[in-house]
Ligand code: ATP
């Protein structure tokens, strides 16, 4: 059976600069996969390449085994891939609810339906109901992240790509946000989390990939990879394990 999402020798460039050097990965239906690696390892580039935001060959990204590399982002959303982007990218000046309604309209326009509704989202993150009429720029960072996750979920994804959703947030808020992942997976949604906090990444995932300078240097079950293996894969051979 084909993986839900897979990449095959995925290569990506920014002009003359090569950021990814042949990335092979796969994510199964409902699986949680973490992608770890230092700053600049290529994690965000990997997500962008999947979302059709960078030119890549069709065969390099597959959904259900079908070549989808380089497909425009809306078509990827239509196929069930949604991203919580780095920096959240909310629509400033619009309320929480209006930000979320943009996603509802988009999903409808793209013909995607599924189990996520405003009501269900309010159960996941009750603060989004309380702040429904608040402009997003007045929210705390954690609340904004919840809107960003909510917006992606309302696109009814089969797989949710999360780019550093813990960045800049207080530990309590990070726990609150990560506590939502099991509920999201319970809907059958697969998740890729890009995460700098290795412990968090391990506890939130079934499997992980570690990247270093545009290459996968380690992959395995999250509960089976050792600290030494991660240290070497994260920093390269010869570096001290932290
Ligand atoms: P971070 O945690 O800092 O976001 P990352 O692992 O997500 O790191 P990427 O953002 O994917 O890394 O960057 C991978 C490489 O590509 C880096 O060397 C980065 O400088 C380069 N890069 C990223 N975006 C661009 C761009 N728009 N133009 C040119 N180079 C870029």
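Here the residues 73, 189, ranked from fewest to most Cβ neighbours within 10 Å of their Cβ, fall in the order 73, 189.
Over the stretch 3-235, what is the relative contact order in whole percent, taking alpha-carbon pairs under 8 Å and six or more residues apart? Relative contact order comes out at 27 percent.
Using only Cα coordinates, the Kirkwood hydrodynamic radius of the stretch 3-235 works out to 17.8 Å. Distance from the Cα centroid of the stretch 132-148 to that of the stretch 1-32 is 31 Å (rounded to whole angstrom). Compared with the dominant principal axis of the Cα atoms in the chain, helix 141-153 is inclined by about 90°.
Per-residue ellipticity at 222 nm computed for the chain from its helices equals -9000 deg cm²/dmol, with DSSP H segments shorter than 4 residues left out and the rest contributing -39,500 (n - 2.57).
Rounded to the nearest 10 degrees, what's the angle between the helix 96-109 long axis and the longest principal axis of the chain, both from Cα atoms, 0 to 90? Relative to the chain, helix 96-109 is tipped by roughly 70 degrees. Approximating the spin labels as points 7 Å out from Cα along Cα→Cβ, the residue 73-to-residue 223 distance works out to 3.7 nm.
Going by a ≥ b ≥ c, the root eigenvalues of the Cα gyration tensor, does the stretch 14-63 fall in the rounded group (a/c under 1.5), the prolate group (a/b larger than b/c) or the oblate group? Oblate is the answer for the stretch 14-63, as a/c is 1.5 or above yet b/c matches or exceeds a/b.
For 235, 125, 91, 46, what's the fewest-to-most ordering of other Cβ within 10 Å of each Cβ?
Values: 235 17, 125 23, 91 14, 46 28.
The order, fewest Cβ neighbours first, is 91, 235, 125, 46.
Work out, step by step, the length gained on full extension between residue 203 and residue 18: first 0.36 nm times the residue separation, then minus their alpha carbon distance; give nm to one decimal. Length gained, residue 203 through residue 18: 63.5 nm.
Quote the relative contact order of the stretch 73-159 in percent (integer), defining contacts as alpha-carbon pairs under 8 Å separated by 6+ residues. Could the numbers behind the result be given before it?
Working: 105 pairs, mean separation 44.5, N = 87.
Relative contact order, the stretch 73-159: 51 percent.
Going from the fewest other Cβ atoms within 10 Å to the most, the residues 102, 198, 216, 147 appear in the order 102, 198, 216, 147. In this calculation the C-beta distance from residue 91 to residue 29 is compared with R0 = 45 Å, giving a FRET efficiency of 0.90. A crude spin-label estimate for the pair residue 167 and residue 98, with each label 7 Å from Cα along the Cβ direction, gives 2.6 nm.
Stretched out fully, how many nm does the piece from residue 137 to residue 64 gain, at 0.36 nm a residue minus the Cα gap?
22.5 nm
Throughout, read-outs are computed from the coordinates displayed, never taken from laboratory work. Here the structure is a predicted model, which means the values were calculated and not measured. We place every Cβ from the backbone using ideal geometry, glycine too, and count neighbours over all the protein chains shown.
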